[in-house]
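A.B. asks: Please see the structure below; I have some questions.
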Amino acid sequence: MAYIFKTLKSWFWWENIWMPANVTWADFEDRDGYTFPKPHQLYACIPFTLVLLIIRFFTEKYVALPLAKALDIKNVRRVKPQPNSVLEAYFRSCTRCPSQSEMLRLAKKCNWTVHLVQKWFKRRRNLEIPMTLQKFKESCWRFIFYLSSSIAGFIFLYDKPWFYDIWQTWVNYPYQSLLPSQYWYYMVEISFYCSLLCTLGVDNKRKDFIAHVIHHLAAIGLMGFSWCANYVRMGTLVMIVHDIADFWLEAAKMFNYARWEKTCNVLFVIFSVTFFITRIILFPLWILHGTLILPLYYSTTPVLAYFLINGQLLALQGLHLYWGNLILDVLKKFIFVEHLKDDRSDEEEEDSLSDIEEERVKNGSKNGCGLRKSCYLNNNTH
């Protein structure tokens with residue numbers, strides 16, 4: 001068994017996969033004041049992830065919650081639907097939004113009116129939507145992290161040659177010592193995305209949930225691969241390009257939950273401009289050009305790591321185009337409808353079930369026919 005693991009390890013770290021021609025792992029051993037990234041250092045992300053989860057808990061409790069109270073953000077009272085095993089089973093196993101014919105079939109099966117079934121599904125869907133206060137706390141935490149990481153990233157990188165001239169990344173490759181600031185920047189960023197994966201089950205779920213999962217996995221994989229292959233200079237550029245736009249979006253969300261519409265609109269426009277500059281222009285022309293084209297000047301035989309890293313970068317660019325399309329849709333509505341809305345979020349549906357109808361549901365289904373008649377009359381008046 002030990003021999004098998006040793007063989008697999010030698011195959012995984014085969015130099016032809018990771019290293020350009022005439023470069024070996026021995027070139028990355030610490031010597032003469034040079035320090036290089038080491039794969040085993042990524043284990044530090046495990047305790048760092050736990051620390052970030054603890055920091056998030058206290059940030060939401062002692063920063064986001066008081067701020068939400070100051071902005072008068074409150075949870076809207078929701079009415080739980082009347083317990084019904086038939087409708088609950090259909091909701092969980094089939095669909096959250098049944099068709100009109102299915103509504104009629106379910107109404108007959110439960111001996112309810114179609115109107116009552118519609119209201120039941122509205123209330124049940126509303127229970128699946130996170131409370132405004134929870135969404136505000138989540139956005140507040142992300143805003144604090146993205147803002148902090150953007151400031152830290154700029155401080156770490158502004159005086160580095162590869163921050164302005166990406167060619168320096170490859171001309172000096174690989175004999176460029178790892179800086180302590182790069183180590184901490186990397187570990188915290190990877191740990192943050194690991195913490196987001198840990199909280200996917202409790203965080204606000206939007207329509208682009210799958211895109212977020214792909215993004216988090218691609219980000220972790222990209223940072224992990226770039227660390228192992230000593231592409232940390234490229235990795236730091238990718239991180240700051242992403243973080244510098246995200247805190248504007250989280251700030252816009254926070255003011256949207258607080259119903260500060262004008263402030264939210266201004267922040268969203270700033271985010272949109274920043275997003276398109278950094279991810280639609282700079283990312284492909286500055287970073288993808290540096291990872292796809294410039295390495296070919298250094299080596300005419302790209303190694304497997306070249307394809308692995310660029311594959312993940314291209315996947316990220318695909319997500320950028322997907323989100324860019326969503327942002328354009330929101331901006332179009334903002335310009336022509338003068339109302340800004342995040343199309344990724346579900347909206348609570350109005351609950352107009354009358355108290356009389358609710359009382360009749362609780363009392364049983366003996367008067368189902370009468371209820372059905374009154375519902376048809378009500379529907380005809382709209």
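A.B. asks: Going by the conditions given, is residue 242 of a type outside the set (Val, Ile, Thr), at pLDDT 85 or above and surrounded by fewer than 23 Cβ atoms within 10 Å (Cβ to Cβ)?
C.D. replies: Working: of a type outside the set (Val, Ile, Thr): yes; at pLDDT 85 or above: yes; surrounded by fewer than 23 Cβ atoms within 10 Å (Cβ to Cβ): yes.
For residue 242, the condition - of a type outside the set (Val, Ile, Thr), at pLDDT 85 or above and surrounded by fewer than 23 Cβ atoms within 10 Å (Cβ to Cβ) - is met.
A.B. asks: Of the residues 109, 122, which is part of a helix (DSSP H, G or I) and buried (at least 18 other Cβ atoms within 10 Å of the Cβ)?
C.D. replies: Working: 109 fails: buried (at least 18 other Cβ atoms within 10 Å of the Cβ).
On inspection, the qualifying residue turns out to be 122.
A.B. asks: Suppose the filter is crowded, with 19+ Cβ neighbours inside 10 Å and in a loop (DSSP other than H, G, I, E, B); does residue 98 pass it?
C.D. replies: Working: crowded, with 19+ Cβ neighbours inside 10 Å: no; in a loop (DSSP other than H, G, I, E, B): yes.
When the stated conditions are applied, residue 98 does not pass them.
A.B. asks: Let me ask something else about it. If only one of 67, 87 is under 30 Å from residue 133 (Cβ atoms), touching a residue at least 40 places away in the same chain (Cβ under 8 Å) and either surrounded by 14 or more Cβ atoms within 10 Å (Cβ to Cβ) or in contact with a strand residue (DSSP E or B) (Cβ under 7 Å, 6 or more places away or on another chain) (or both), which one is it? Write out each step before concluding.
C.D. replies: Working: 87 fails: touching a residue at least 40 places away in the same chain (Cβ under 8 Å).
Of the residues listed, the single one that is under 30 Å from residue 133 (Cβ atoms), touching a residue at least 40 places away in the same chain (Cβ under 8 Å) and either surrounded by 14 or more Cβ atoms within 10 Å (Cβ to Cβ) or in contact with a strand residue (DSSP E or B) (Cβ under 7 Å, 6 or more places away or on another chain) (or both) is 67.
A.B. asks: Could I ask something else about it? Taking the condition of being assigned to a helix (DSSP H, G or I) and more than 18 Å from residue 141 (Cα to Cα), how many residues in the stretch 46-78 meet it? Give the derivation first.
C.D. replies: Here is the first cut: in the stretch 46-78, the residues assigned to a helix (DSSP H, G or I) are 46-70.
Filter once more, keeping what is more than 18 Å from residue 141 (Cα to Cα): 46-47.
Summing the residues that are assigned to a helix (DSSP H, G or I) and more than 18 Å from residue 141 (Cα to Cα) in the stretch 46-78 gives 2.
A.B. asks: Then there's this: For the stretch 290-312, does any single residue satisfy the condition of being of a type in the set (A, V, I, L, M, F, W, C), assigned to a helix (DSSP H, G or I) and under 19 Å from the mean Cα position of the chain (by Cα)? If you could, list the steps in order and put the result at the bottom.
C.D. replies: So in the stretch 290-312, the residues of a type in the set (A, V, I, L, M, F, W, C) come out as 292-294, 296, 303-305, 307-309.
Checking the rest, the ones that are also assigned to a helix (DSSP H, G or I) come to 292, 294, 296, 304-305, 307-309.
Narrowing further to those that are under 19 Å from the mean Cα position of the chain (by Cα): none.
For the stretch 290-312, residues of a type in the set (A, V, I, L, M, F, W, C), assigned to a helix (DSSP H, G or I) and under 19 Å from the mean Cα position of the chain (by Cα): absent.
A.B. asks: Quick one: in the stretch 79-88, which of the residues that are over 30 Å from the mean Cα position of the chain (by Cα) and part of a helix (DSSP H, G or I) is farthest from residue 117 (Cα to Cα)? Before the answer, list the steps.
C.D. replies: First, the residues of the stretch 79-88 that are over 30 Å from the mean Cα position of the chain (by Cα): 81-87.
Applying the additional criterion that residues be part of a helix (DSSP H, G or I) yields 85-87.
On the way: 85: 13, 86: 11, 87: 8 Å.
That would be 85.
A.B. asks: Moving on to the next point. When you go through (1) surrounded by 16 or more Cβ atoms within 10 Å (Cβ to Cβ); (2) among the polar types (S, T, N, Q); (3) assigned by TED's automatic domain parsing to the domain that holds residue 260 one by one for residue 148, which number turns out not to apply?
C.D. replies: Of the numbered conditions (1) surrounded by 16 or more Cβ atoms within 10 Å (Cβ to Cβ); (2) among the polar types (S, T, N, Q); (3) assigned by TED's automatic domain parsing to the domain that holds residue 260, the odd one out for residue 148 is (1).
A.B. asks: So which of 256, 230 is outside any helix (DSSP H, G or I), out of contact with any His (no Cβ under 9 Å at 6 or more places or on another chain) and crowded, with 20+ Cβ neighbours inside 10 Å?
C.D. replies: Working: 256 fails: outside any helix (DSSP H, G or I).
The match here is 230.
A.B. asks: Residue pairs, Cβ under 9 Å, 6 or more apart or interchain, first in the stretch 264-292 and on the phi > 0 side of the Ramachandran plot, second surrounded by fewer than 16 Cβ atoms within 10 Å (Cβ to Cβ) and of a type in the set (D, E, K, R). List them.
C.D. replies: Nothing qualifies.
A.B. asks: Can you tell me which residue among 72, 30 is farther than 30 Å from residue 259 by Cβ and among the acidic types (Asp, Glu)? Talk me through it step by step, then tell me what you get.
C.D. replies: Details: 72 fails: farther than 30 Å from residue 259 by Cβ.
On inspection, the qualifying residue turns out to be 30.
The values are calculated or read from the model by the stated rules, or taken from the named source; none is laboratory data. Keep in mind that what you see is a predicted model, and the values were worked out from it rather than measured. Ideal geometry is used to build each Cβ from the backbone, glycine not excepted, and the neighbour counts take in all protein chains shown.
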